[in-house]
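Working notes, beginning with the structure itself.
The values are calculated or read from the model by the stated rules, or taken from the named source; none is laboratory data. Computed from a predicted structure; not experimentally measured. Glycine gets a Cβ as well: all are built from the backbone with ideal geometry, and neighbour counts include every protein chain shown.
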Amino acid sequence: MNANLPKTNAPGGDYVPVIVHGGIAYVSGQLPRRGDELLFKGKVGAEVDLATAQRAAAVCAELCLAALADAVGSLDRVAQILRITGYVASAPGFVQQSQVMNGASEVFVAHLGEKGRHARTSVGVAELPRGAPVELDIIAAIRTGE
Amino acid sequence: MNANLPKTNAPGGDYVPVIVHGGIAYVSGQLPRRGDELLFKGKVGAEVDLATAQRAAAVCAELCLAALADAVGSLDRVAQILRITGYVASAPGFVQQSQVMNGASEVFVAHLGEKGRHARTSVGVAELPRGAPVELDIIAAIRTGE
Amino acid sequence: MNANLPKTNAPGGDYVPVIVHGGIAYVSGQLPRRGDELLFKGKVGAEVDLATAQRAAAVCAELCLAALADAVGSLDRVAQILRITGYVASAPGFVQQSQVMNGASEVFVAHLGEKGRHARTSVGVAELPRGAPVELDIIAAIRTGE
């Protein structure tokens with residue numbers, strides 16, 4: 001059941017959305033876009049405020065889950081979200097990267113419960129592809145066999 | 001024996017300090033703080049000089065080890081530090097991120113010897129949560145069974 | 001056969017080029033350098049244009065593969081490139097990090113075919129060690145046994 005997940009996007013370059021190997025899935029960095037349309041744009045702390053950045057982070061998280069579900073068939077096969085890394089395009093002096101990424105973290109727990117809990121790193125970067133305010137990648141464990 | 005390691009900090013958001021799965025531990029990004037008090041603040045190359053940044057990196061490394069020990073019971077169960085990623089909040093023109101992170105790398109080797117040797121990536125970012133000069137996350141292999 | 005790969009560089013700090021554990025290789029962040037000589041320098045979007053940055057990214061990718069081949073004996077033992085993370089030192093307003101990293105992605109596919117396809121994250125950072133325009137790290141699966 002992948003209800004309430006957005007449609008996945010084609011990769012923005014010469015890579016694949018997800019690689020699964022040995023029960024671990026590596027999901028490519030997701031921007032908050034729908035197809036070629038970037039849904040949020042600009043630096044957090046300048047053009048983009050905290051609440052908007054949290055919504056952008058939530059979209060990135062949903063796209064990570066959608067890519068994962070596409071790759072392994074269903075979110076039911078996710079054993080555990082392991083780590084998420086959140087990159088926040090930050091205006092000078094903006095230091096609430098962790099609050100921004102709470103918008104992403106909540107999505108994983110909402111969809112997966114305990115299996116959605118994760119280690120996390122949040123950093124503030126200079127620029128992100130296409131001018132996005134947030135980018136997110138994840139590593140997840142996948143149930144194999146049965 | 002987790003002697004000489006600092007007390008772990010509560011996560012700064014909706015995530016967990018460490019996820020262990022399949023013998024691999026993912027430790028969340030650690031800032032150089034004691035509880036809610038940030039021990040170092042500012043950009044490296046501006047408010048924070050190289051030697052101070054190395055000390056901040058060392059604190060982050062100790063906090064990674066403390067979180068790891070808390071999660072698996074003891075550092076004795078660490079089989080190998082695999083990768084560390086160091087994020088250095090960098091003033092324009094500061095390019096000694098690798099020297100900063102030597103302050104962290106030495107901590108892993110001091111506590112774990114050969115098991116503390118690791119692959120490393122060091123980058124200079126625009127901003128870090130709370131205005132920290134350094135953030136560090138790690139991946140480690142954990143001995144299972146016996 | 002590691003033909004056409006550059007000579008590996010000594011690490012720029014207290015770490016090792018590659019850690020292999022449990023069939024997974026973690027390769028340290030690679031800068032586009034030959035020994036102590038940085039082959040490209042400056043911010044992408046300012047001193048370094050897109051085409052030059054793509055060549056720098058390709059050099060980083062070749063150095064990742066060279067380090068991997070050194071660590072495991074031969075690229076023949078690579079089962080799959082899993083994830084690559086590309087850090088692009090970006091001038092303000094430069095948002096083509098993904099295009100830059102296509103220069104790296106192509107190298108993996110050129111050397112390894114399907115096994116070279118990978119998940120990818122590309123971000124724009126403030127500064128990189130030594131003033132490099134691009135840094136790249138990778139995670140790869142290694143064939144074990146036989």
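Taking residue C:62 as the residue in question, decide whether it is at pLDDT 95 or above, farther than 19 Å from residue A:26 by Cβ and within 12 Å of the chain's Cα centre (by Cα).
Yes, satisfied.
Of a type in the set (A, V, I, L, M) and over 17 Å from the mean Cα position of the chain (by Cα): is that true of residue A:10 in this structure?
Spelling it out, it is not the case that residue A:10 is of a type in the set (A, V, I, L, M) and over 17 Å from the mean Cα position of the chain (by Cα).
Per-residue answers, yes or no, for (1) loosely packed, with under 15 Cβ neighbours inside 10 Å; (2) part of a loop (DSSP other than H, G, I, E, B); (3) at pLDDT 95 or above:
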residue	(1), (2), (3)
C:4	yes, yes, no
C:10	yes, yes, no
C:13	no, yes, no
C:19	no, no, yes
C:25	no, no, yes
C:40	no, yes, yes
C:46	yes, yes, yes
Among the residues of region B:48-57, the number that are touching a residue at least 40 places away in the same chain (Cβ under 8 Å) and either more than 19 Å from residue B:84 (Cα to Cα) or of a type in the set (A, V, I, L, M, F, W, C) (or both) is 6
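Within region B:115-146, can you find the residues that are among the small types (Gly, Ala, Ser) and modelled with pLDDT under 95?
The answer is B:145, and nothing else.
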For region A:52-66, indicate whether the set of residues that are touching a Pro at 6+ places or on another chain (Cβ under 7 Å), over 30 Å from residue B:131 (Cα atoms), of a type outside the set (D, E, K, R) and assigned to a helix (DSSP H, G or I) is non-empty.
yes
Applying the selection to region A:67-84, what residues are among the β-branched types (Val, Ile, Thr) and surrounded by fewer than 24 Cβ atoms within 10 Å (Cβ to Cβ)?
A:72, A:78
How many residues does region B:96-118 hold that are under 15 Å from residue C:21 (Cβ atoms) and in a helix (DSSP H, G or I)?
5
Could you say whether any residue in region A:71-79 is aliphatic (A, V, I, L, M), away from chain C (no Cβ under 13 Å) and in a helix (DSSP H, G or I)?
yes
Take the residues of region B:27-38 that are in contact (Cβ under 8 Å) with a residue 12 or more places away in the chain and surrounded by fewer than 20 Cβ atoms within 10 Å (Cβ to Cβ): which is farthest from the other protein chains (Cβ to nearest Cβ)?
B:34
Can you pull out every residue in region B:88-146 that is at the interface with chain C (Cβ under 9 Å from one of its Cβ atoms), surrounded by fewer than 24 Cβ atoms within 10 Å (Cβ to Cβ) and acidic (Asp, Glu)?
B:106
Exactly one condition in (1) touching a strand residue (DSSP E or B) at 6+ places or on another chain (Cβ under 6 Å); (2) within 25 Å of residue A:103 (Cβ to Cβ) is not met by residue B:36; state its number.
(1)
